[in-house]
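Presented below is the structure to which this report refers.
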Amino acid sequence: MIFLVEYDRPTRRTLLFETFEDSERHQAQEKRLEIELDRNFKGF
């Protein structure tokens, strides 16, 4: 089981919690990259 968690430390809030099966590792990595690129684009 793979867990993808996006956490906002200043507010101590979980913004995203998503689970993936081990066989969905590629999808989890793609989602993580998408989140990182979106945050960088927005300047966070």
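Per-structure values
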quantity	calculated
Of the criteria (1) modelled with pLDDT of 95 or more; (2) assigned to a helix (DSSP H, G or I), which one Phe41 fails	(1)
Residue in the stretch 9-21 that is of a type in the set (S, T, N, Q) and surrounded by fewer than 11 Cβ atoms within 10 Å (Cβ to Cβ) present	yes
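The values are calculated or read from the model by the stated rules, or taken from the named source; none is laboratory data. Every value quoted in this text rests on a predicted model; they were computed, and no experiment measured them. Note: ideal-geometry Cβ built from the backbone for every residue, glycine included; neighbour counts use all protein chains shown.
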